[in-house]
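Quick notes on the structure that follows.
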Amino acid sequence: MAKHVLTLYNSLSRTEEPFKPLKKGKVSLYSCGPTVYNQAHLGNLRTYLFNDVLKRSLQYLGYTVTQVMNMTDVDDKTIKASQAQGIPLRALTRKYEDLFLADLTALNILHPTHITRATEYIPEMITLIETLIKKKYAYKAQDGIYFSIAKSKNYGKLANLDKQKKSQERIKGDEYDKQHAHDFALWKFHMPEDGDVVWPAAFGPGRPGWHIECSAMSMKLLGTSFDIHTGAIDLLFPHHTNEIAQSEAATGKKFVHYWLHGGFLTMKEGKMSKSLGNIHTLPELITQGYLPAHYRYLCLQTHYRSSLQFSFENLEAAKQAYERVKRKIIELKATTHKGADKTKDYQTQFTSTLQNDINIPAALQVFLKTLDDISFNSQKRLALLEHFDEVLGLEVKNMKEEKVTVPKAVQALVQAREEARATKQWAEADILRTRIKEAGFILTDTSQGPKVEKI
Ligand code: AMP
Ligand code: ZN
């Protein structure tokens, strides 16, 4: 039986709650975006895939979604990277922003309604900080303006802080000249190492802290109270905890009604992260012969709140599963079979998986069951699968037999490599293999000679 109500796990109450948007039929959604100082890794991308299926599910269930996602284009990391590469901050952040957006497109992630760059909302951040100073929630220290958590009601409710050992370690990076270990910088006064990254403000020239960026941008576009805020679980503390404290102190209203956090993509040694040095990127998967859709399929198989261990074996299995689906869809497109119309039954099942805290792995199972139900009228079955695909994003509509033609230039490279191998010029042969790969083709040596396939 379908529940007819969408329930979402809210990190704030640590329970599944029925979802009631502030405005009937509409959802305001803010997703913490990337810090654009390097190529996103697969862990980051898992979180954006989670945002995507959440948004698609809400739309499938009939809501109109306004989604805002920010680009953190000024903070310690972006400034350091621009200096290390000897290019202006804006040039650096635009480069990584473009790469990030290309990853989203490749993964068939729907673009947010608004993408906001932190550097384009500095006046809003300054106004917010001025309000906090006026209301005595913020104070001036030697190196910046700080938020005083002692003044904040319910500080740390989201992270269950009062029940947790208040770890000094976790906030070490934020420690400046402050009154309380958990106080955090709203504004950092200009330091010589910041170079030309500085904005004027009545309380002193400088740049915003990371947390204030998201509060200012989300409230500007979605209002002082909005429905859903997302991020991966590592953002729960301190980032989201601090966003709540400063926003609610400034407005006196409840900031966000539902906090949704995604689980990590992990490797054997723990979370995939740049600091552990265990990262893989989407372009890297593509050069190894995988499609972005294979990674998307892998992520769909695990619920967004569970952690997902990445390995090339798992990715290979997802690739096989995706390719099987594709073959069956292509077959179905060529079939005319007048079976029963089971649309309603499968649609009810599919909807109830989404209503159950966006259970995409279960939704995928309903999709597969529908696909394999040969007693279900083929045309109606295909139409329903295309409808389900509005959530899954596997691009069912575009699935067709691909006739791969190897371009003449690539054929010439393959020929040249064969000649290099025949004359034992191994280094030359390796260079040619790389050039074939760069052209988008993968070459395997078989007993019948070289086999060339599109990556
Ligand atoms: P950053 O660009 O570092 O601000 O991170 C962008 C997003 O990716 C944030 O929501 C992070 O919480 C998330 N993230 C970072 N590492 C992982 C991971 N291994 N698995 C899932 N999400 C991650
Ligand atoms: Zn954020």
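Things worth noting here:
- Each peptide in 221-228, 442-449 gets a packing score, the mean of other Cβ atoms within 10 Å over its residues, and the list from highest to lowest is 221-228, 442-449.
- Taking a Cβ cut-off of under 10 Å around Val65, the surrounding Lys, Arg, Asp and Glu residues balance to a net charge of +2, with basic ones at +1 and acidic ones at -1.
- With bins 10 Å wide beginning at 0, the percent of Cα pairs of segment 215-323 falling in each bin runs 13, 34, 24, 21, 8, 0.
- Solvent-accessible heavy-atom area per residue, rounded to whole Å², over the chain at 1.4 Å: 48 Å²
- The three principal axes of the Cα atoms in segment 1-56 give end-to-end lengths of 44, 24, 23 Å, sorted in falling order.
- Across q = 0.13, 0.18 Å⁻¹, segment 7-262 modelled as identical point scatterers on its alpha-carbon atoms has Debye log10 I(q)/I(0) values of -0.84, -1.57, in the order of the q list.
- Three principal axis extents of segment 1-148 based on alpha-carbon atoms, in descending order, are 59, 44, 24 Å.
- 5 Å binning of all Cα-Cα separations within segment 98-145, expressed as whole percents from 0 upward: 4, 16, 15, 15, 12, 9, 9, 11, 8, 1
- Working ranking of peptides 280-290, 13-23 by packing, defined as the average number of other Cβ atoms within 10 Å per residue, highest first, is 280-290, 13-23.
- Along its first, second and third principal axes, ordered by size, segment 408-454 spans 26, 22, 16 Å in Cα coordinates.
- Semi-axes of the equivalent ellipsoid for segment 174-228, Cα gyration tensor, largest first, Å: 24, 16, 9
- Taking the DSSP beta bridges with both ends in the chain, the antiparallel portion is around 50 percent.
- Length-normalised contact order for the chain - Cα pairs under 8 Å, 6+ apart - percent: 17 percent
- Apportionment of accessible area to carbon and sulfur, segment 408-454, percent (1.4 Å): 52 percent
- Computed over segment 247-302, Cα set: Rg, Dmax in Å: 17.6, 53
- Within straight-line cross-link reach of Lys369, lysines at Cα separation under 23 Å, skipping those fewer than 8 residues along the same chain: Lys3, Lys319, Lys326, Lys328, Lys333, Lys338, Lys342, Lys344, Lys380, Lys397, Lys400
- Placing dummy labels 7 Å off each Cα toward the beta-carbon, the span from Ala141 to Ile374 is 7.0 nm.
- Here the Kirkwood formula, the inverse mean of 1/r across different C-alpha pairs, assigns the chain a hydrodynamic radius of 24.6 Å.
- Mean projected area in nm² (Cα convex hull; one quarter of hull surface) for segment 273-398: 8.5 nm²
- Across segment 273-398, C-alpha contacts under 8 Å between residues 6 or more apart give a mean separation that, scaled by the residue count, equals a relative contact order of 26 percent.
- Per-atom-type breakdown for segment 7-262 gives carbon and sulfur 53% of the accessible area (1.4 Å probe, protein chains only).
- Per-peptide average of other Cβ atoms within 10 Å, ordering 207-214, 131-138, 415-422 highest first: 207-214, 131-138, 415-422
The values are calculated or read from the model by the stated rules, or taken from the named source; none is laboratory data. All values reported here derive from a predicted model rather than from experimental measurement. Cβ sites come from the backbone with ideal geometry, for glycine too, and all protein chains shown count toward neighbours. Accessible surface is based on the protein model in full, side chains and every heavy atom, while ligands, DNA and RNA are left aside. Shrake-Rupley method; radii C 1.70, N 1.55, O 1.52, S 1.80 Å.
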